[in-house]
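The values are calculated or read from the model by the stated rules, or taken from the named source; none is laboratory data. Just so it is clear, the model here is predicted, and its values are computed rather than measured. FYI the Cβ positions are ideal-geometry reconstructions off the backbone, even for glycines, and counts take in every protein chain you see. The protein model used for the area step is the full one, side chains on, heavy atoms only, and it has no ligands, DNA or RNA in it. Shrake-Rupley method; radii C 1.70, N 1.55, O 1.52, S 1.80 Å.
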Amino acid sequence: MTQPLADVRILVADDQEDVARTLCSPLRRAKARLHFVTDGQAALQALASNSFDLVLLDMKMPPDEWGGVWLLQQLQTSGSRTPTLVLSGEGAKQQVIQAMRLGATDWIDKADTDKELLDRTITILAQHHQQALSAGSEQLPTPVASRLARYLRTTDPDKQLTEGLHTLEAVLRLAALIGLASTPPFALPGITLDRLAAPSMGTWLTLCTALANSPAPSGSFQRLFACLAPDSQARQAIQEFVTIRNQLAHGSTTARRADLDRLDTLLRRFAHRAVSSGVGEIAVATAMTYDGESYAVDVLTFRGTGRPSPNTVSAKNPPVNGSVLLLHKDAEPISLTPLMVSTVAESSGSIHILQFDGLQRSKSAPSPSAALKFARAHVGEEGSVGTFPTPTWPALAAWTGRT
């Protein structure tokens, strides 16, 4: 029997945890994965470090008398788009109206949860997952968005599975590159010179898993990877798709509808979580000014599949013009150099971003002094991409234990 909420992650915020667990019994029976907190502050902390498909919140809880309203105000201010379902008790009509004005997705009377909570939750998530691929192709960083768009355009089932696996690999690659760029280097288990010389989908998953299991993975990496694989069970499911990808490449299996359906669910949930929680933006620094305290950095932001859009961000430390940056609201930009680089197209003068794709090979085995290779971040771009700095192997050597 198919469980409609299998592996869906729901944050439940209610100061009466025993009551909340009882009310959420229909969700638990439907195999939803529930995480309980008892106040708005704890809910904010949980959302900052984990990814959830839905927030279920009580109106009357700390902080203050109407902590549910307070939490919705904080979510609105932070730009969070995670859908919220409000639980309303007796005498909270005015607060429910205020909650809906603050962006709550829906509300339900606590007295009706046994009859309505499961159906309302399934409906809300079905609507968001239906729109997730389109939203992701428009709003997520270009290296992932362009792959989502290509997957969304593909209609042939056999090709859909192949494109879906390419999309999954694009997510793993971007997460790995962000993790490597934002985490102090150390020797990663399972990562060797040969594997990084020609990284495969399995290599990107190994990198992400090793980074996630490290003592202090960066918050930027955690935010993105948690949208795809928040726990070991999810990572095992991705490993199964790595196996399918390898079997398809070697002709030892054919595309199956069941595999495509599972992959489609995985990609939709990832896109929904990533768009809802905000995983940062990829940008290229183009100019800057200094006011004596901080730098106003002009950037081109690479979001979706369209042209990059201009913006200005603040930084305490000056980035190098042309460097690729990861941007988070109200946070210092993170340089992704040398794992992502920018280049100016010779014909049009437009700026493109490229991402690490292994080592340049000779006829012999990869050399520790070999230059890094790069691939286009935007699928479907054509023509010459011009020249760009070519960092060499020492930029990554520490991750393999070789220096």
With every protein chain in place, region 210-349: carbon and sulfur % of accessible area (1.4 Å): 49
Long-range HN-HN contacts of residue 288 with modeled amide H, under 5 Å: 298
The chain: calculated mean residue ellipticity at 222 nm from DSSP helix runs of at least 4, using -39500 (n - 2.57): -14000 deg cm²/dmol
22 Å Cα cut-off, lysine pairs counted over the chain (separation 8 or more, or different chains): 9
DSSP bridge pairs, the chain: antiparallel proportion in percent, nearest 5: 65
Segment residue 78-residue 311, extension gain: residue separation times 0.36 nm, minus the distance between their alpha carbons: 82.0 nm
In range of the label at residue 214: residues from region 163-190 whose backbone nitrogen is under 20 Å from the point 7 Å along Cα→Cβ: 170-190
Helix 257-277 vs. the chain, principal-axis angle (Cα, 0 to 90°, nearest 10): 80
Farthest positive-ward along the chain dipole, Cα basis, beta-carbon charges - from 360, 12, 85: 360
Of [x] 22.0, 68; [y] 27.1, 92; [z] 22.5, 76, the label for Rg and Dmax of the Cα atoms in Å derived from the coordinates: [z]
Heavy-atom accessible area per residue - the chain, 1.4 Å, Å²: 46
For residue 262, net neighbour charge (Lys/Arg +1, Asp/Glu -1) across residues whose Cβ lies under 14 Å away: 0
Between helix 201-212 and the chain: long-axis angle, C-alpha atoms, 0 to 90°, nearest 10: 60
Of 188, 165, 57, the one that fluctuates the most in a GNM where the chain has Cα springs shorter than 10 Å: 188
Chain lengthening between residue 131 and residue 361 when straightened (0.36 nm per residue, less Cα-Cα): 78.6 nm
The chain - percent relative contact order, Cα under 8 Å, separation 6 or more: 14
Cα lying deepest toward the dipole's positive end in the chain, options 168, 190, 237, charges on Cβ: 190
Cβ charges +1 (Lys, Arg) and -1 (Asp, Glu), total dipole of the chain, debye: 1200
Region 14-168 - percent of accessible surface contributed by carbon and sulfur, probe 1.4 Å: 45
Cα long-axis angle, helix 219-228 against the chain (0 to 90 degrees, to the nearest 10): 70
Rounded accessible area of residue 295 (nearest 10 Å², 1.4 Å probe): 50
